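The values are calculated or read from the model by the stated rules, or taken from the named source; none is laboratory data. Since this is a predicted model, take the numbers as computed values, not measurements. No Cβ is skipped: glycine too gets one built from the backbone with ideal geometry, and neighbour counts run over all protein chains shown.
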Amino acid sequence: MYDGVAIGSRLRALRVWRGMSLAELSGQAGMSTSLLSMIERGQRALDRRSYIAALAVALRVSETEIVGGPHLSKDPIQSAAHGTVPALRLALTSNTLDDACTDYARPLAELAAELAGPIHQAEKRADYLVRGNLLGPVLNELHVHSATGDEAAQRQACALLVQACNGAGMTLRHLNYQDLAFVAAERAREAAWRADDPVLAGRAANLRVHTLPKRGAETMVRIADQAAARLQPHLDEPAAQETYGMLHLSAAMCSAVMRDTSAADEHLAEAAETAGRTGERPGAWGDFGPTNVGIWGVAIATEAGDYEEPSALRAASTQSAWPTRSGRRCCSPTWEERSPMSQAGNETRSRPWRRPSGSPRSESGTALRRGTRSKSCWSRRVRRQSAVSCGGWRRGWVCRTERLSGSGGIPHL
């Protein structure tokens, strides 16, 4: 459960421990003193990845020390999913691709059906409790096939391990077990290398991007760039196109965290072009398609400090049309809690801009209406991509377990 007061108190304690004043810390983190003061008092949410990373660097601590570890509470819905972590920890740490901790395993076809069936459905519902309970045994059994099967069985087991590790990694990521999530990402990378499949390697790289600390945004961009480049010879395959597009979306978000809007523009443009070719495909990896690109564009715009487009979407959508968050709320704030627009005192900034009737959409007209500041190219693209129905929001927002699909279909880092 998100607790802005607790995070603010923890941040203040770390600042005092380092002997820094508000002005010193805000200056080094690149944020205003008034904003930092409000965050410490719990009056504003610490809701931008770039701020969390900058504060961690300035204070010389990990990001977890600022935002806290796994968020446990007395609410059974929020706390029950954490009970699946010991089994996931055991499966990831006691097995290797050459040595399994058990000798029992169901047939690979049965394990594949479980991943595609109940585990995938739990992912769609963001049900971490069901997903975590099912993934532990599946991980153990896939390691048995990887260690003892013939060559064909090993390759199939490794391919399924990439899928299972994506699910485990994103579940652990959102339950805030960062180090264990990275173990899952590394196991996925090893399995993809053994399977010798560039698409699987790209998906493992995407998981690795989402499990690295936010301060490593530059490294994340490099990993995503390299994985996307390796996929270019295979872009005639639908699976490669979807993975390629998701990698560029991840790179765009990381670039926004680094405040490199030019690079974010380029990556988002590449993802949008790819989505234009693929269209909306049922069952696409990461739910990649024009709708999801639009949702990522909104999140990237928010990360860059442009709150107008998400605000417009809030005005156009109804709360009742949004998906339930019974799974996600066990580890992180709701969208309203995270959004700067829901914080007191932001009414002016969050007020949606409306184009005057009959006025042109030209870039010069936009610049004149907003003073001298013109939108970047990717922000204008967000405006087009975001004109989707609430059904599109459902497909996008809950499509994974995570701010992503078993791979990472929704914006999150």
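Under the condition of being within 23 Å of Ala304 (Cβ to Cβ), touching a Pro at 6+ places or on another chain (Cβ under 9 Å), of a type in the set (A, V, I, L, M, F, W, C) and not in a helix (DSSP H, G or I), the residues counted in the range 1-57 number 1. For the range 273-287, residues that are among the aliphatic types (A, V, I, L, M) and either farther than 15 Å from Gly297 by Cβ or in contact with a Ser or Thr (Cβ under 8 Å, 6 or more places away or on another chain) (or both) total 1.
Among the residues of the range 128-144, the one identified as crowded, with 24+ Cβ neighbours inside 10 Å and small (Gly, Ala, Ser) is Gly132.
I'd like the full set of residues that are outside any helix (DSSP H, G or I), modelled with pLDDT under 95 and not basic (Lys, Arg), limited to the range 100-136. Selection gives Ala100, Cys101, Thr102, Asp103, Tyr104, Ala105, Ala126, Asp127. Residue check, Thr64 against (1) among the β-branched types (Val, Ile, Thr); (2) at pLDDT 85 or above; (3) not in a loop (DSSP other than H, G, I, E, B), all met but one. Which one? Answer for Thr64: the failing condition is (2).
Just the residues that are surrounded by fewer than 23 Cβ atoms within 10 Å (Cβ to Cβ) and of a type in the set (Ser, Thr, Tyr), please, taken from the range 253-273.
Matches in the range 253-273: Thr261, Ser262.
One residue alone among Arg222, Arg208 is surrounded by fewer than 19 Cβ atoms within 10 Å (Cβ to Cβ) and within 30 Å of Ala58 (Cα to Cα), and that residue is Arg222. If you go through the range 168-194 and keep only what is surrounded by 22 or more Cβ atoms within 10 Å (Cβ to Cβ), among the hydrophobic types (A, V, I, L, M, F, W, C) and part of a helix (DSSP H, G or I), you end up with Ala168, Met170, Leu172, Ala181, Ala184, Ala185, Ala188, Ala191, Ala192. If you check Thr102, Thr93 for being more than 26 Å from Arg208 (Cβ to Cβ) and β-branched (Val, Ile, Thr), only one passes: Thr102.
Does Thr243 qualify as being touching a Phe, Trp or Tyr at 6+ places or on another chain (Cβ under 8 Å), under 16 Å from Arg48 (Cα atoms), buried (at least 20 other Cβ atoms within 10 Å of the Cβ) and among the hydroxyl-bearing types (Ser, Thr, Tyr)?
In short, no.
Could you check the range 47-77 and list, in sequence order, the residues that are surrounded by 13 or more Cβ atoms within 10 Å (Cβ to Cβ) and small (Gly, Ala, Ser)? Within the range 47-77, Ser50, Ala53, Ala54, Ala56, Ala58, Ser62, Gly68, Ser73 meet the criteria. For the range 145-159, state whether one or more residues are within 15 Å of the chain's Cα centre (by Cα) and surrounded by fewer than 21 Cβ atoms within 10 Å (Cβ to Cβ). There is no residue in the range 145-159 that is within 15 Å of the chain's Cα centre (by Cα) and surrounded by fewer than 21 Cβ atoms within 10 Å (Cβ to Cβ). Of the residues making up the range 78-121, those that are over 24 Å from Glu186 (Cβ atoms), in contact (Cβ under 8 Å) with a residue 24 or more places away in the chain and surrounded by 13 or more Cβ atoms within 10 Å (Cβ to Cβ) are Gln78, Ser79, Ala80, Arg106.
Just one of the numbered conditions (1) surrounded by 16 or more Cβ atoms within 10 Å (Cβ to Cβ); (2) among the polar types (S, T, N, Q); (3) at pLDDT below 95 is not true of Gln163: (3). No other residue among Gln232, Gln226, Gln163 is farther than 21 Å from His82 by Cβ, in a helix (DSSP H, G or I) and touching a residue at least 60 places away in the same chain (Cβ under 8 Å) apart from Gln163. Against the numbered list (1) over 30 Å from Arg259 (Cβ atoms); (2) surrounded by fewer than 20 Cβ atoms within 10 Å (Cβ to Cβ), Trp17 comes up short only at (1).
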